Amino acid sequence: MKAIASMSLGELAAFVCSHLQTHGINCVLTGGACVSIYTGNRYQSYDLDFIESAPTSRKKLKEALTKLGFVEENRYFKHVATEFFLEFPAGPLSIGSEPVRATAVMEFSTGKLVLLSPTDCVKDRLAAYYHWSDRQALGQALLVAENNEINIEEIRVWSEKEDKLATFESIKKQLIEAQRHY
Amino acid sequence: MLEALFGSVNRERVLMFLFVRKEGYSREISRFFKTDLSQVQKQLERLEAGGVIYSRSMGKTRVYGLNPRYPFLAQLQGLLDRALLFYPPEEKEKLTMVRKRPRRRGKPL
């Protein structure tokens, strides 16, 4: 098994995800780490946000991660051998008011990683743009769209549910243009 | 009023304040309700960790608000809105009647 110190973000995420699964903790990678993975690290994140599919006690989570050498510091789990750190934000797994129904699975030499699909990853970033006017998040959404197949119609429907249809229409051209590069 | 549901009177106060005023900081909330600052801070921390509220820094102050990305936001707002109907009129007025529009510096009252 590859040492944690030499694992890429994706490899570490898969390693942690598979390890937790063997302890009965099912979780999904979300947030900026998904952008890193889907863009071949054109955007680099150090924060691995996992959301548990069902609530787990913090004690059980801590016990499982301690076996890998992670140490809890405030709300994060850190490891001496890597700059990447883990966070387990409160669930449920959702993007805005919509539950995430289907996730993606990626295989790494270190294990299986369950993560947001590219379309949901774009929605997740757009949610930050819609609600916080975060242009960096819009840039990340476009990067994901440039590097992966996404469902723009699904994003339109979701944006409408989020009451952000007008904002979606204002960036739709950029999303279509980004998909052309894929 | 929603204490039984939220588990603490201060948690209800924090949520109600942020629902009505849109944003607020810990000292402002504790002063408004004449309650212990550390209790308000504790509730703010818990609610933020649970994704119910967000925080951002504004100068030296940490400002909080209901998280627009919280999946149960509409339901929570509905509940708070309903509860507000039952608040004593004077408390409701104190909460809601706050000047929000700008006032130029130095303008006489």
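The table that follows gives values for the structure above.
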| quantity | calculated |
| --- | --- |
| Candidate set: segment A:48-75, residues that are assigned to a loop (DSSP other than H, G, I, E, B) and either hydroxyl-bearing (S, T, Y) or within 12 Å of another protein chain (Cβ to nearest Cβ) (or both); chosen: the one surrounded by the most Cβ atoms within 10 Å (Cβ to Cβ) | A:T56 |
| Odd one out for B:S57, checked against (1) within 14 Å of another protein chain (Cβ to nearest Cβ); (2) at pLDDT 95 or above | (2) |
| Residues located in segment B:67-81, provided they are under 10 Å from B:V20 (Cα atoms) and within 12 Å of chain A (Cβ to nearest Cβ) | B:Q77 |
| Selection from segment A:33-44 of residues that are among the small types (G, A, S) and either without any contact (Cβ under 8 Å) to a residue 24 or more places away in the chain or touching a Phe, Trp or Tyr at 6+ places or on another chain (Cβ under 7 Å) (or both) | A:S36 |
| Test: A:R58 is among the basic types (K, R) and under 17 Å from the mean Cα position of the chain (by Cα) | no |
| Residues of segment B:62-109 classified as within 22 Å of B:F33 (Cβ to Cβ), in contact (Cβ under 8 Å) with a residue 12 or more places away in the chain and of a type outside the set (G, A, S), total | 17 |
| Those residues of segment B:22-49 which are outside any helix (DSSP H, G or I), touching a residue at least 40 places away in the same chain (Cβ under 8 Å) and surrounded by 13 or more Cβ atoms within 10 Å (Cβ to Cβ), in sequence order | B:E23, B:G24 |
| Hits in segment A:55-75 - residues which are aliphatic (A, V, I, L, M) and either free of Cβ contacts under 8 Å to residues at least 60 places away in the same chain or touching a strand residue (DSSP E or B) at 6+ places or on another chain (Cβ under 6 Å) (or both) | A:L61, A:A64, A:L65, A:V71 |
| Count of residues meeting criterion [farther than 23 Å from B:N67 by Cα, touching a residue at least 40 places away in the same chain (Cβ under 8 Å) and assigned to a helix (DSSP H, G or I)] in segment A:147-170 | 1 |
| Residue among B:R105, B:R56, B:R69, B:R101 that alone is on the phi < 0 side of the Ramachandran plot and not in a loop (DSSP other than H, G, I, E, B) | B:R56 |
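The values are calculated or read from the model by the stated rules, or taken from the named source; none is laboratory data. Quick caveat: nothing in here was measured; it's all calculated off a predicted structure. We place every Cβ from the backbone using ideal geometry, glycine too, and count neighbours over all the protein chains shown.
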